[in-house]
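Engineer: What follows is a structure written as structure tokens; I'll ask about it next.
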Amino acid sequence: MVKKCLFPAAGYGTRFLPATKATPKEMLPILTKPLIQYGVEEALGAGIKTMAIITGRGKRAIEDHFDISYELEHQIQNTGKEPLLAEIRALISQCTFSYTRQVEMKGLGHAILTGETLIGQEPFAVLLADDLCTNSEDNVLSQLIKIYNTYQCSVVAIEEIPFEETHKYGVISGKIIDGNDDIYRVSDMVEKPQPKDAPSTMAIIGRYILTPDIFDILKDTKPGKGGEIQITDALKKQAKKGKVIAYKFKGKRFDCGSVDGFVEATNYFYKQTHKEQK
Ligand code: UTP
């Protein structure tokens, strides 16, 4: 059973400076909702109620967001504005949130290792809130959990990307299994390869199910690309034992860590809500 979701949210978000100088990237809104709230809603939609968030300096707004603001609640009580807080209130009442700080930003792998104390020895989901995913049926995390329940090993969500963009992602190589061309047994993975060195154009996006042995592997993983401890390097060790499945998820993903993706997501969600309201 996957019961906990880890949200690494300690990165500096330099691509959004100066907006992210004093505001966490995860709090930037798509329409009226911050990115991390979409992430928590996805986890809850996948049946997960325990949210473990890795924060860092300057990220306190995330904790405040998932708490009650008595003064504000009091101010808007019995006014037409009360429904505006209904969604976040419902979320807070259904989930528990725990936090730990990554003291030095040594990469995504290091951020995940920092979460060991919140997760313990059980399989867990990882959701990068700046990858905003949407699907009309099962959400992406639910899809990954189904795959995990079948194969009982780590699972990464993948997407076909343009050849010239491989340097932005972890890229996998693997073989289709069980005659389903959306499911691969991963044999290798490379972090941010140049197109000429990329083993494929199948890129890992910000959704994972990890087995807890990943923590011990991360403890032994040396800094890799960019001097950071890379989750890709740790996963590669599991992959060598045949213990990583890559799944081509159904749905749409927006890279909201980049300005282009952020604008695209904003337009998409605006059109969606506009359509619903008509
Ligand atoms: P990114 O590579 O997007 O880095 O991290 P970033 O710092 O957030 O953004 P830029 O590139 O400077 O604009 C991918 C995910 O890993 C988390 C980030 O918060 C983001 O969700 N992360 C990264 C950490 O939690 N800690 C780290 O040390 C690095």
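Engineer: Restricting to segment 31-53, what's the tally of residues that are within 15 Å of the ligand (Cβ to nearest atom) and either hydrophobic (A, V, I, L, M, F, W, C) or within 15 Å of THR134 (Cβ to Cβ) (or both)?
Structural biologist: The number of residues fulfilling the criteria is 11.
Engineer: Filter segment 29-62 down to residues that are part of a helix (DSSP H, G or I) and either at positive phi or in contact with a Ser or Thr (Cβ under 7 Å, 6 or more places away or on another chain) (or both) and give me whichever is surrounded by the most Cβ atoms within 10 Å (Cβ to Cβ). Steps first, please.
Structural biologist: Start the filter on segment 29-62 by keeping residues that are part of a helix (DSSP H, G or I), which leaves 35-45, 60-62.
Still in the running and either at positive phi or in contact with a Ser or Thr (Cβ under 7 Å, 6 or more places away or on another chain) (or both): 45, 61-62.
Numbers: GLY45: 14, ALA61: 15, ILE62: 21.
It comes out as ILE62.
Engineer: A further question on this structure: Restricting to segment 1-27, name every residue that is buried (at least 24 other Cβ atoms within 10 Å of the Cβ), more than 6 Å from the ligand (Cβ to nearest atom) and part of a loop (DSSP other than H, G, I, E, B).
Structural biologist: Answer for segment 1-27, where residues must be buried (at least 24 other Cβ atoms within 10 Å of the Cβ), more than 6 Å from the ligand (Cβ to nearest atom) and part of a loop (DSSP other than H, G, I, E, B): just PRO24.
Engineer: Considering segment 162-182 alone, what residues qualify as being touching a residue at least 24 places away in the same chain (Cβ under 8 Å), closer than 18 Å to ALA239 by Cβ and outside any strand (DSSP E or B)?
Structural biologist: THR166, TYR169
Engineer: Can you report the number of residues in segment 43-90 which are closer than 30 Å to PRO123 by Cβ and of a type in the set (S, T, N, Q)?
Structural biologist: Here the count works out to 2.
Engineer: Shifting gears a bit: Name the single residue, out of those in segment 104-133 being over 17 Å from ILE231 (Cα atoms) and touching a helix residue (DSSP H, G or I) at 6+ places or on another chain (Cβ under 8 Å), that is farthest from the ligand (Cβ to nearest atom).
Structural biologist: This residue is CYS133.
Engineer: Sort out which residues of segment 102-116 are charged (D, E, K, R) and not in a helix (DSSP H, G or I), and write them in order of number.
Structural biologist: Result: GLU104, LYS106.
Engineer: So which residues in segment 187-211 are within 18 Å of GLY242 (Cβ to Cβ) and either of a type in the set (Phe, Trp, Tyr) or outside any strand (DSSP E or B) (or both), if there are any at all?
Structural biologist: Of everything in segment 187-211, those that are within 18 Å of GLY242 (Cβ to Cβ) and either of a type in the set (Phe, Trp, Tyr) or outside any strand (DSSP E or B) (or both) turn out to be PRO199, SER200, TYR208, THR211.
Engineer: Checking the structure you have, find out if any residue of segment 60-70 is within 13 Å of the ligand (Cβ to nearest atom), in contact with a Phe, Trp or Tyr (Cβ under 7 Å, 6 or more places away or on another chain) and not aromatic (Phe, Trp, Tyr).
Structural biologist: No, that holds for no residue.
Engineer: Can you name the residue in segment 248-260 that is in contact (Cβ under 8 Å) with a residue 40 or more places away in the chain and over 15 Å from the mean Cα position of the chain (by Cα) and is also nearest to the ligand (Cβ to nearest atom) among such residues? Step through it out loud before you land on a result.
Structural biologist: From segment 248-260, those in contact (Cβ under 8 Å) with a residue 40 or more places away in the chain are 248-259; that's our starting set.
If we keep only those that are over 15 Å from the mean Cα position of the chain (by Cα) too, we end up with 248, 250, 259.
On the way: LYS248: 21, LYS250: 23, VAL259: 10 Å.
So the residue we want is VAL259.
Engineer: Which of the numbered conditions does THR55 fail, given that it passes all the others? Conditions: (1) free of Cβ contacts under 8 Å to residues at least 40 places away in the same chain; (2) closer than 25 Å to LEU218 by Cα.
Structural biologist: Result: THR55 fails condition (1) only.
Engineer: Within segment 223-233, does at least one residue satisfy the condition of being farther than 30 Å from THR23 by Cα and in a loop (DSSP other than H, G, I, E, B)?
Structural biologist: No - not one qualifying residue is present in segment 223-233.
Readers should treat all values here as calculations from the given coordinates under stated rules, not as data from a laboratory. Owing to the predicted nature of the structure, the values given are computational and were not obtained by experimental measurement. Methodologically, a virtual Cβ is constructed for each residue, glycine included, from the backbone with ideal geometry; neighbour enumeration extends over all protein chains shown.
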